[in-house]
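Engineer: First the structure, then my questions, so here it is.
Any read-out appearing in this document is the output of simple, stated calculations on the displayed coordinates, not a laboratory observation. This structure is a prediction, so every number in the text was calculated from the model and none was measured. Cβ sites come from the backbone with ideal geometry, for glycine too, and all protein chains shown count toward neighbours.
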Amino acid sequence: MVFSSNLNDRNCTYFIKDNIFDNVTKYTTDYKKVVIITDDNVHFIYKDLLNKYLPNALLFSFKPREKNKSLKIALSLIDFLVDNNISNQDLLIAFGGGVVLDLVGFVSSIYKRGITYFSIPTTLLAQVDACIGFKTAIDYKGLKNVIGSFYLPSKVFIDYTFIKTLPNRQIRNGLFEVIKMGLVYDKSLFDLLLTNNIKKELPNIINKAIVDKLEIVKQDPYDNNIRKILNYGHTIGHAIESNNRFNNILHGEAVAYGMLYETTNQEIKNKLLEIYKKIHFTLKLNVDINKLVSYIYNDKKVSDDTIIVPVVETIGRCDLINMKISEFIKMIGAR
């Protein structure tokens with residue numbers, strides 16, 4: 001399958017197929033220099049694949065953790081590009097999960113006023129979320145995604161075979177973003193997760209989630225209106241990640257807790273918990289909601305002591321409510 005999206009005068013093409021690297025090499029021949037940016041785990045698993053298809057590419061790799069989606073690693077990457085005389089007519093390839101994609105997208109947007117990059121997401125979370133929508137970001141001073149830009153990759157290559165190497169925890173991590181999409185936008189997707197064999201339906205689930213997000217992004221590329229419904233569960237989720245110093249919890253898991261706190265309709269909350277149980281997610285984190293308040297005030301969605309809150313009262317539909325932060329804090333049960 002092939003999709004496309006646009007941002008100003010830039011176009012992005014999404015290719016979805018198994019064994020995608022035949023397609024990747026087809027589009028790298030136009031570039032004199034190619035730089036692959038990945039993390040150490042992904043490189044270890046796929047080094048033979050990279051050597052086979054992109055033997056002449058330069059490699060930049062870093063440790064796989066949210067803490068490394070940072071200014072320090074971004075500057076290290078820029079140093080690497082400068083030291084290797086990479087021009088803005090060369091090509092960067094982000095090969096990995098959401099951390100890699102966010103970091104490379106951000107650096108691509110600022111390096112020599114913009115360099116072309118491809119995204120090859122290797123996790124379920126990255127395939128259904130991070131690779132779509134041209135948001136780039138790094139974390140700063142313990143705050144999630146506080147430095148970032150909108151910048152479009154030239155091409156995105158999505159290969160389902162990559163997720164076959166993932167542990168169950170990483171599959172769940174991506175599924176939480178899919179659950180969110182069904183909750184706020186697509187009841188049929190939510191029902192598919194609730195009533196069907198998720199493992200057997202996973203390719204169909206991924207396709208529906210990708211199409212849904214592309215539809216929303218096309219309507220609101222700069223996150224001014226309808227796209228804000230995708231923030232569901234993220235205000236609390238990002239606060240949990242920051243409070244935990246990005247340790248011992250994955251992004252999707254934090255969003256899973258966030259959705260529970262931000263869901264006030266008990267019937268919907270029960271259905272959420274039913275899916276959590278189905279995918280073997282046990283609520284073990286002891287969340288002290290009061291410790292999250294300072295992070296909520298620093299959330300990038302906050303303006304003039306108000307925050308736009310996605311509210312779901314009917315599965316598949318989401319309303320955006322302009323709310324005082326004090327009201328939101330009360331809604332989630334903080335003092």
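Engineer: Roughly what angle does helix 251-262 make with the longest principal axis of the chain, taking Cα atoms, 0 to 90 degrees, to the nearest 10?
Structural biologist: 20
Engineer: Principal axes first, then extents: for the Cα atoms of segment 213-254, list largest minus smallest coordinate on each axis, whole Å, largest first.
Structural biologist: Taking the Cα atoms of segment 213-254, the three principal extents are 35, 15, 13 Å.
Engineer: What does the helix-only formula give at 222 nm for the chain: each DSSP H stretch with n ≥ 4 adding -39500 (n - 2.57), the total divided by the residues, and the result rounded to the nearest 500 deg cm²/dmol?
Structural biologist: Rounded to the nearest 500, the figure is -13000 deg cm²/dmol.
Engineer: Work out how far the C-alpha atoms of segment 1-117 reach from end to end along every principal axis, then list the three figures in whole Å, largest first.
Structural biologist: Principal-axis extents of the Cα atoms in segment 1-117, largest first: 37, 36, 27 Å.
Engineer: To two decimal places, what compactness ratio does segment 53-175 give when its Cα radius of gyration is scaled by 2.2 N^0.38 Å?
Structural biologist: It is 1.02.
Engineer: Sticking with this structure for a sec: Hey, what angle do you get for helix 40-53 against the long axis of the chain, alpha-carbon based, 0 to 90 degrees rounded to 10?
Structural biologist: Around 40 degrees separate the two axes.
Engineer: Limiting things to C-alpha atoms, what are the Rg and the maximum Cα-Cα separation (Dmax) for segment 213-335, in angstroms?
Structural biologist: Spelled out, the Cα radius of gyration and Dmax of segment 213-335 are 14.3, 41 Å.
Engineer: Quick one: Cα centre-to-centre distance for segment 203-273 and segment 1-70, in angstrom?
Structural biologist: One Cα centre to the other: 26 Å.
Engineer: So what are the radius of gyration and Dmax for the Cα set of the chain, in Å?
Structural biologist: Answer for the chain, Rg first and Dmax second: 19.4, 58 Å.
Engineer: Which value results when the Cα radius of gyration for segment 234-303 is divided by 2.2 N^0.38 Å?
Structural biologist: 1.12
Engineer: How big is segment 145-198 by the Kirkwood estimate over distinct Cα pairs, in Å?
Structural biologist: Across segment 145-198, the inverse of the average 1/r is 13.7 Å.
Engineer: Using every alpha carbon pair in segment 1-50, what percent of pairs falls into each 10 Å bin from 0 up to the bin containing the largest distance?
Structural biologist: 18, 41, 36, 5
Engineer: Okay, moving on. Considering only DSSP beta bridges where both residues belong to the chain, give the percentage that are antiparallel (nearest 5).
Structural biologist: The antiparallel proportion sits near 50 percent.
Engineer: Taking the simple approach of a point 7 Å from Cα along Cα-to-Cβ for both LYS26 and LYS301, what is their distance in nm?
Structural biologist: Computed distance between label sites LYS26 and LYS301 equals 3.9 nm.
Engineer: Per residue Cα convex hull volume for segment 188-230, in cubic angstrom?
Structural biologist: Enclosed volume per residue, from the Cα hull, is 66 Å³.
Engineer: Using only the alpha carbons of segment 95-146, determine the length spanned along each of the three principal axes and report them from longest to shortest in whole angstroms.
Structural biologist: Projected onto the principal axes, the Cα atoms of segment 95-146 cover 29, 29, 16 Å.
Engineer: Quick check on segment 153-281: take the gyration tensor over C-alpha atoms, sort the square-rooted eigenvalues as a ≥ b ≥ c, and tell me if it's rounded (a/c under 1.5), prolate or oblate.
Structural biologist: Taking the square roots of the gyration eigenvalues as a ≥ b ≥ c, segment 153-281 is rounded.
Engineer: Another one. Return the long-range amide H neighbours of VAL302 (sequence gap of 5 or more, or a different chain), with a cut-off of under 5 Å between placed amide H atoms.
Structural biologist: Long-range HN contacts for VAL302: none found.
Engineer: Could you sort out which of LYS47/LYS72; LYS155/LYS200; LYS155/LYS218; LYS187/LYS284; LYS187/LYS330 sit more than 20 Å apart by Cα distance in this structure?
Structural biologist: Beyond 20 Å between Cα atoms: LYS47/LYS72; LYS155/LYS200; LYS187/LYS284; LYS187/LYS330.
Engineer: What's the ranking of 168-177, 147-156, 98-107 by average number of surrounding C-beta atoms within 10 Å, highest first?
Structural biologist: Those peptides, ordered most packed to least, come out 98-107, 168-177, 147-156.
Engineer: Jot down the per residue volume, in cubic angstrom and as a whole number, of the convex hull over the alpha-carbon atoms of segment 40-108.
Structural biologist: So the per-residue hull volume is 84 Å³.
Engineer: Right, next: Tilt of helix 98-110 relative to the longest C-alpha principal axis of the chain, in degrees (0 to 90, nearest 10)?
Structural biologist: Value to nearest ten degrees: 60.
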